[in-house]
Amino acid sequence: MLTTKSTRGLLLGAAALCSLAGSAFAAESLNIYTTREPGLIKPVLDEFTKETGIKVNTIFINNGLEERIRTEGENSPADVILTVDIGRLQAAKDYGVTQPVESETLEKVIPAAYRDPEGHWFGIALRARVVYASKDRVKQDKITYEELADPKWKGKICIRSGQALYNVSLFAAAIAHMGEAKAEEWLKGLKANLAKKPSGGDREQAKDILAGVCDIGIGNTYYVSLMRNGNNEEQKKWGEAINVILPTFEGGGTHVNVSGLALAKHAPNKANAVKFMEFMVSDDSQRIHAEANSEYPVKAGIPIHPTVASFGELTADNVPIAEIAKLRKKASEMVDKVGFDQ
Ligand SMILES: [Fe+2]
């Protein structure tokens with residue numbers, strides 16, 4: 001367990017030694033604070049160390065990552081924040097624990113829609129929020145998000161909590177497309193179609209479809225690949241029970257979200273941190289990342305995991321992620337207002 005003060009003390013000590021010993025030493029470490037599962041990021045971190053010689057210390061924090069860095073203040077050893085969903089990236093920025101990065105590489109590789117216009121966060125991979133449809137009971141292979149509120153689906157839809165990060169972002173996208181009043185009606189319609197109270201994670205929606213509890217579920221793309229290709233025999237069955245339909249907004253595309261990076265405000269190893277951020281959009285790292293996580297690479301021309309590719313061609317929605325970030329608060333309030341989770 002890393003304790004902040006002593007770690008920073010060690011780091012400062014190391015930095016002092018390094019400045020005496022020359023720059024070769026100074027380039028030796030990097031501290032990543034992450035919410036991501038260790039197994040998912042290890043392959044890419046190992047590759048970074050192999051290519052640069054920079055040792056990576058990873059601190060996994062599932063909840064309260066932003067608060068922790070803020071509490072650590074100027075003594076925080078955090079260099080890079082690696083997390084998922086615009087909700088968390090924006091939270092880090094809003095907590096004041098990030099600093100802007102100017103990097104030609106990041107700006108060239110990452111489309112403007114997937115990074116903060118002020119440079120505080122950068123999307124490195126994409127996930128789409130899609131429909132899991134029962135292979136046995138759903139015949140159609142196209143759907144709009146709007147249609148999820150159609151009474152024809154009454155009692156047939158399963159979804160996790162409306163306040164879950166991924167859903168709040170999806171509902172924010174709905175507000176961007178429909179405007180507040182219509183989005184609220186839509187959310188009420190979706191709630192009226194639920195087979196049961198929102199619960200579980202995305203994988204459980206596929207489980208419920210297999211069990212016949214519902215015909216369609218809402219979930220992220222990568223879970224389907226992780227379920228089908230993982231070692232858990234139960235989950236394999238869940239993954240095989242469903243088809244993925246890539247829904248679109250009327251006049252738009254499929255809602256995508258990012259997993260991404262930010263540079264910590266008081267990063268003690270700033271140069272290494274920027275090097276790492278740029279490494280994360282290199283061909284090698286994008287390929288490894290896409291393979292390990294089944295996310296869509298943010299960089300053009302990198303192959304998509306075959307399972308994810310089998311879902312069909314993704315037409316990403318046209319609402320920039322930064323817009324979604326701004327509408328998340330409204331979306332979250334709307335979830336409470338319509339009693340979505342009740
Ligand atoms: Fe997830």
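Descriptive notes on the structure:
- Here S169 passes the criteria (1) under 26 Å from I304 (Cα atoms); (2) away from the ligand (no atom under 16 Å from the Cβ) except the one numbered (2).
- 1 or more residues within 16 Å of the ligand (Cβ to nearest atom) and in contact with a Leu (Cβ under 7 Å, 6 or more places away or on another chain): qualifying helices (runs of 4 or more DSSP H) within region 201-287: 233-240
- Per-region count, region 292-318, residues under 16 Å from Y145 (Cβ atoms) and modelled with pLDDT under 95: 1
- Consider region 179-200 and keep the residues that are more than 14 Å from G219 (Cβ to Cβ) and without any contact (Cβ under 8 Å) to a residue 40 or more places away in the chain. The one that is farthest from the ligand (Cβ to nearest atom) is A181.
- Number of the exception - L327 against (1) modelled with pLDDT of 95 or more; (2) part of a helix (DSSP H, G or I); (3) not assigned by the TED database to the domain that holds G179: (3)
- Of all residues in region 256-275, those satisfying the criterion of being over 25 Å from A290 (Cα atoms) and aliphatic (A, V, I, L, M) are A267, A271.
- Residues in region 91-149 that are of a type in the set (V, I, T), in contact with a helix residue (DSSP H, G or I) (Cβ under 8 Å, 6 or more places away or on another chain) and assigned to a loop (DSSP other than H, G, I, E, B): V97, V101.
Residues checked against (1) among the hydroxyl-bearing types (S, T, Y); (2) touching a residue at least 24 places away in the same chain (Cβ under 8 Å); (3) within 16 Å of the ligand (Cβ to nearest atom):
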{"site": "T34", "(1), (2), (3)": "yes, yes, yes"}
{"site": "E37", "(1), (2), (3)": "no, no, yes"}
{"site": "D46", "(1), (2), (3)": "no, no, no"}
{"site": "V84", "(1), (2), (3)": "no, yes, yes"}
{"site": "K93", "(1), (2), (3)": "no, yes, no"}
{"site": "F122", "(1), (2), (3)": "no, yes, no"}
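- Test: residue in region 140-158 that is within 16 Å of the ligand (Cβ to nearest atom), within 21 Å of T254 (Cα to Cα) and of a type in the set (S, T, N, Q): no
- Filtering region 147-161 for residues that are surrounded by fewer than 22 Cβ atoms within 10 Å (Cβ to Cβ), assigned by the TED database to the domain that holds I245 and either modelled with pLDDT under 95 or under 29 Å from N63 (Cα atoms) (or both) leaves a non-empty set.
One line per residue, one yes/no per condition, for (1) in the same structural domain as A78 (by the TED database); (2) polar (S, T, N, Q); (3) surrounded by fewer than 22 Cβ atoms within 10 Å (Cβ to Cβ); (4) under 19 Å from C158 (Cβ atoms):
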site: A173; (1), (2), (3), (4): no, no, no, no
site: G179; (1), (2), (3), (4): no, no, yes, no
site: K191; (1), (2), (3), (4): no, no, yes, yes
site: P198; (1), (2), (3), (4): no, no, yes, yes
site: D202; (1), (2), (3), (4): no, no, no, yes
site: A206; (1), (2), (3), (4): no, no, no, yes
site: C214; (1), (2), (3), (4): no, no, no, yes
site: I218; (1), (2), (3), (4): no, no, no, yes
site: L263; (1), (2), (3), (4): yes, no, no, no
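- Scanning region 52-90 for residues that are closer than 24 Å to L126 by Cβ and in a helix (DSSP H, G or I) yields L65, E66, I86, G87, R88, L89, Q90.
- Here R115 meets each of (1) modelled with pLDDT of 95 or more; (2) within 16 Å of the ligand (Cβ to nearest atom) with one exception, condition (2).
The values are calculated or read from the model by the stated rules, or taken from the named source; none is laboratory data. Keep in mind that this is a model prediction, so the values were computed, not measured. Note that each Cβ is placed from the backbone with ideal geometry, even for glycine, and that neighbours are counted across all protein chains shown.
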